[in-house]
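Just below is one structure, and these are the notes that go with it.
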Amino acid sequence: MSISAVRTQVQSFLDRDTETWSYVVYDREGGAAAVVDAVLNYDAASGRTSTEGAEEIVAFVREKKLTVEWILETHAHADHLSAAPFIREQLGGKIGIGNQICQVQKIFREVFNLEKEFLVDGSQFDHLFGDGETFSVGDLEARVIYAPGHTPADMAWLIGDALFVGDTLFMPDVGSARCDFPGGDAATLYRSVQKLLALPEETRMFMCHDYPPSDGREHQCETTVGDQKRENIHLHDGISEAEFVAMRSERDATLAMPRLIIPSIQVNIRAGEMPPAEDNGTVYLKVPINAL
Ligand SMILES: [Fe+2]
């Protein structure tokens with residue numbers, strides 16, 4: 001089978017609590033798969049986690065008899081905990097993220113005053129991808145596109161004809177991701193998005209989140225490069241970098257911190273693992289007071 005003849009198969013999963021889209025990306029039934037941005041359910045009031053959502057992904061992979069080769073994170077998410085370790089334990093595969101995750105680890109090691117054993121070299125992940133690196137998912141060719149701005153470590157994953165954009169662009173009627181987290185930068189995001197929009201117009205583009213702007217609209221996960229160029233309210237063709245930066249900065253100044261940023265970051269910079277248990281056997285997450 002020639003690679004060009006293979007159309008990327010994409011199954012989406014919506015976590016309604018955090019409005020996050022996760023994906024199973026595969027070449028064919030019985031073939032190979034990558035899992036993108038799997039969510040671990042977390043109840044902040046009780047501090048309890050559950051794998052309910054991730055189990056749907058596991059069930060789908062088993063039903064289609066797929067071999068998971070990669071478990072990919074577009075970035076260290078600030079709004080949900082990653083279920084990557086659960087997916088790996090259930091299905092195998094290697095956990096991958098962009099190599100600039102080390103910058104994010106450095107920032108948050110300080111914020112959370114993490115234990116001295118916490119390494120900021122990305123070694124918690126199975127593989128760190130660099131910009132332009134190529135890999136495969138079964139018969140699908142894949143390429144990594146460094147897309148910082150929302151955080152310093154965002155990667156977009158181009159797998160066959162499907163592009164997983166993480167928190168860069170949202171659906172055309174929603175616009176773009178915020179750029180005010182530590183290490184974020186609106187001008188950098190603008191330049192990253194120009195790289196994504198330079199791909200062929202028919203490239204299918206899959207979101208990491210959707211926040212439907214009106215009551216009537218269902219959550220959506222898929223658009224195309226062409227539609228974004230024509231219709232994205234923040235970044236359609238013709239919007240200059242200066243215009244975008246002014247709009248994004250003004251808007252970011254009005255946004256509250258994501259509800260789960262404090263637990264999410266602590267877990268996600270460890271590739272989805274919890275911090276080490278304390279001497280009573282219990283795992284704790286920290287809350288820095290007046291620091292974020
Ligand atoms: Fe994010």
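Just so you know, all these numbers are worked out from the coordinates, no wet-lab data involved. Since we're looking at a predicted model, the values are computed, not measured. Note that each Cβ is placed from the backbone with ideal geometry, even for glycine, and that neighbours are counted across all protein chains shown.
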TODO: Report, by residue number, each residue of segment 152-173 that is within 16 Å of the ligand (Cβ to nearest atom) and closer than 23 Å to ASP237 by Cα.
DONE: ASP154, MET155, ALA156, TRP157, PHE164, VAL165, GLY166, ASP167, THR168, LEU169, PHE170, MET171
Open item on the list: Within segment 42-131, considering only helices (runs of 4 or more DSSP H) that don't extend past its boundaries, which have at least 3 residues that are of a type outside the set (Phe, Trp, Tyr) and over 27 Å from ARG178 (Cα atoms)?
Closed with: 52-63, 84-91
Open item on the list: It is to be established whether one or more residues within segment 23-32 are in contact with a helix residue (DSSP H, G or I) (Cβ under 8 Å, 6 or more places away or on another chain), over 23 Å from HIS127 (Cβ atoms), surrounded by 17 or more Cβ atoms within 10 Å (Cβ to Cβ) and in contact (Cβ under 8 Å) with a residue 24 or more places away in the chain.
Closed with: no
